[in-house]
Structures are given as structure tokens and as C-alpha cells.
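Engineer: Just passing along the structure, written as C-alpha cells.
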Amino acid sequence: MAKQIATNVTWQSGEISREDRYQILRQKGITIWFTGLSGSGKSTIAVAVEKALFAMGKLSYRLDGDNVRLGINKNLGFSEADRKENIRRIGEIAKLFGDAGVISLSSFISPYKSDRDEVRALHEAANLQFVEVYVDCALSVAEERDPKGLYKKARAGEIKNFTGIDDPYEAPVKAEIHLRTDEMSLEEEVAIIIDYLVANEVIRPENYSRASDKAAGSATAN
């Protein structure tokens, strides 16, 4: 965990509790942490989940790798130290969103297990839910997709420290959710995540039918 450097600082509590905020929003704060190779589908899934939650009247916010590096983390590069600090800052931001009652959809390659574990520990210490989603995709498929042309540049030596090419990716061992995006449809992936939120009482199932229920209904109709 990062060392506290500033001195003479004390946490200031207010009179509105976390539970008060959860009651207003009719949901609980949680961090859904999408990790996987570039091109694996992290952002695509997060956008789709955000849309599904919005349709249900639920408040979520996406923390996307590129978006964050255009703002709060614009001073960080892609060295191991900078990647670590990038994830640490995002973890702190996601924790604040969770305390506010927001469902945080965090999409980051976050290649190092120790960094992801640190974010998890940060949430656990604050009694907040953290769900790791392994967005699993074969490197060959991710490279074939290459939506931003980054793999091509990395192979040509134009980008250094690129995960999966000349930097390692440490896959989750016990992620709460494991999605194989080279085998599953986007609809299936979104349904799995929403079902998880409902089953764990993060959100109430208003305006939502489980994917399994829909399938059963379709089978009955036929």
C-alpha cells in the first residue's frame, strides 16, 4: 500500500452516512474492475453494462484507461512504476465512488496482480465491494482486433512496454467473474454482470429479467 506522506491530516466525517446515500439511490456502491489485454473488450463491455444499468434507473460511472490518462493521470507513462501509480490513483477514485453509492465500471489493463490486489485491499479496508472481472481473450484474437492499431505499432517497435508484447500480463487466478470474449456474445457478458449485481443485492431487479429467465421464456414460446 502507498505510504502516507502528508502529516497533520485527519479524516473529516460528515453527518450523512454511506447507508443514507445508498437508500436515496436504491443501490449500493461497488467497483467492477475489468482487467485484460488491450483489445480484449473491457471498454466495450463497460459501455454496454452502463447502458443496461441506465435503462434500469441505476447510477454508474465508467473509469476508462485512456480517459483517465487524458486528465488526472496525464503525467504518467507506461513504465512499471507509472502503471502502479496509475492503478493506485484509480483505486482511490473508485473507492470514493463506491462510498458515494455509485457503481464504478473501471476498465484498465492493470497487468500486475499485486496492483489489483492492492486496490482490492483498499476497498476491503473501507468495507466496500470489489469485483474483479477477467476479460479473457487470446492474444492472437486481441491482436487481430487491434481497434487502436497499438499492437501493430508495438510489433514495429514504435511502442515500448506494451502489455502482451514486451511487457507481461499477470492473469487473475480467482476473479469473481471470468468472461471469454473470444467465445461469448456481448449480450451474454452483460447479462452475467447484471445477474451478479442482482444476486449480491447491489441493485434491486426492477425492470430486469435474468438472462436464464429470458431463455426459458423463449423456449416455452416455441
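Engineer: Place the peptides 102-108, 131-137, 156-162, 88-94 in order of packing, highest mean first, counting for every residue the other Cβ atoms within 10 Å and averaging per peptide. Before the final figure, lay out the partial values.
Structural biologist: On the way: 102-108: 25.7, 131-137: 22.3, 156-162: 12.9, 88-94: 19.9.
Peptide ranking by packing, descending: 102-108, 131-137, 88-94, 156-162.
Engineer: Follow-up question, since we're still on this one. Run the reach check for Lys160 against lysines, Cα to Cα strictly under 16 Å, same-chain hits fewer than 8 apart removed. What comes back?
Structural biologist: Within the straight-line limit of under 16 Å, Lys160 reaches these lysines: Lys148, Lys152.
Engineer: Taking amide H positions as placed 1.01 Å from N in the peptide plane, with prolines and chain starts having none, which residues 5 or more places from Glu176, or on another chain, fall under 5 Å of its amide H?
Structural biologist: Amide H neighbours of Glu176, under 5 Å, 5+ apart: Glu132.
Engineer: Under a crude label model (7 Å from the Cα following the beta-carbon direction), how far is Asp182 from Arg88 in nanometres?
Structural biologist: Taking the simple label geometry, Asp182 and Arg88 are separated by 3.4 nm.
Engineer: What does the charge count around Leu96 come to, taking other residues whose C-beta lies under 14 Å from its C-beta (Lys +1, Arg +1, Asp -1, Glu -1)?
Structural biologist: Computed value for this residue: +3.
Engineer: For the stretch 103-111, just list the computed ³J(HN,Hα) in residue order, Karplus coefficients 6.51, -1.76 and 1.60, θ = phi - 60°, integers in Hz, with x standing in for Gly and Pro.
Structural biologist: Along the stretch 103-111, the couplings run 8, 8, 10, 9, 10, 9, 3, 5, x Hz.
Engineer: Based only on Cα atoms, what Rg/Rh ratio does the stretch 3-92 have, Rh being taken as Kirkwood's radius? It would help to have the intermediate numbers written out before the result.
Structural biologist: Values: Rg = 16.6 Å, Rh = 16.1 Å.
Over the Cα atoms of the stretch 3-92, Rg/Rh equals 1.03.
Engineer: List the extent of the Cα atoms of the chain along each of their three principal axes, largest first, rounded to whole Å.
Structural biologist: Answer, in whole Å and largest first: 57, 55, 29 Å.
Engineer: Quick one: Karplus J couplings for the stretch 168-185, per residue in order, coefficients 6.51, -1.76, 1.60, θ = phi - 60°, nearest Hz, x for Gly and Pro?
Structural biologist: So the Karplus estimates, Gly and Pro as x, are x, 10, 9, 5, x, 9, 9, 5, 5, 10, 10, 10, 9, 6, 8, 10, 10, 8 Hz.
Engineer: A further question follows. Compute a Gaussian network model of the chain, connecting alpha carbons closer than 10 Å, and tell me which residue from Phe130, Phe78, Phe34 fluctuates the most.
Structural biologist: Ranking Phe130, Phe78, Phe34 by mean-square fluctuation puts Phe78 first.
Engineer: Could you tell me which of the pairs Lys51/Lys113; Lys58/Lys153; Lys74/Lys113; Lys28/Lys174; Lys3/Lys58 are separated by over 31 angstrom between their Cα atoms in the structure shown?
Structural biologist: Values: Lys51/Lys113 29 Å; Lys58/Lys153 39 Å; Lys74/Lys113 23 Å; Lys28/Lys174 23 Å; Lys3/Lys58 35 Å.
Flagged as over cut-off: Lys58/Lys153; Lys3/Lys58.
Engineer: Mean-square fluctuation check for the chain, GNM, Cα pairs under 10 Å: which of Asp115, Asp166, Asp64 is largest?
Structural biologist: The residue with the greatest mean-square fluctuation here is Asp166.
Engineer: Next question, about the same structure. Which of Gln27, Gln12, Gln129 ends up with the largest GNM mean-square fluctuation for the chain, with Cα atoms connected below 10 Å?
Structural biologist: Per the Cα network of the chain with a 10 Å cutoff, Gln12 tops the list.
Engineer: Okay, moving on. Roughly how big is the chain's charge dipole about its Cα centre, with Cβ charges of +1 (Lys, Arg) and -1 (Asp, Glu), in debye to the nearest 20?
Structural biologist: 460
Engineer: Taking θ = phi - 60°, what integer Hz values does the Karplus form 6.51 cos²θ - 1.76 cosθ + 1.60 yield along the stretch 77-92, in sequence order, with x for Gly and Pro?
Structural biologist: My calculation for the stretch 77-92 gives x, 10, 5, 4, 5, 5, 4, 4, 5, 4, 5, 4, 5, 5, x, 5 Hz in order.
Engineer: Taking the beta-carbon count within 10 Å as an exposure proxy, list Lys148, Lys3, Lys84, Lys113 from fewest neighbours to most.
Structural biologist: Going from sparsest to densest Cβ surroundings: Lys3, Lys148, Lys113, Lys84.
Engineer: Follow-up. Between the stretch 114-164 and the stretch 47-92, what is the separation of their alpha carbon centroids in Å?
Structural biologist: 12
Values in this text are rule-based calculations from the coordinates and carry no lab data. The model shown is predicted, which means the values in this text are computed figures rather than measured ones. Note that each Cβ is placed from the backbone with ideal geometry, even for glycine, and that neighbours are counted across all protein chains shown.
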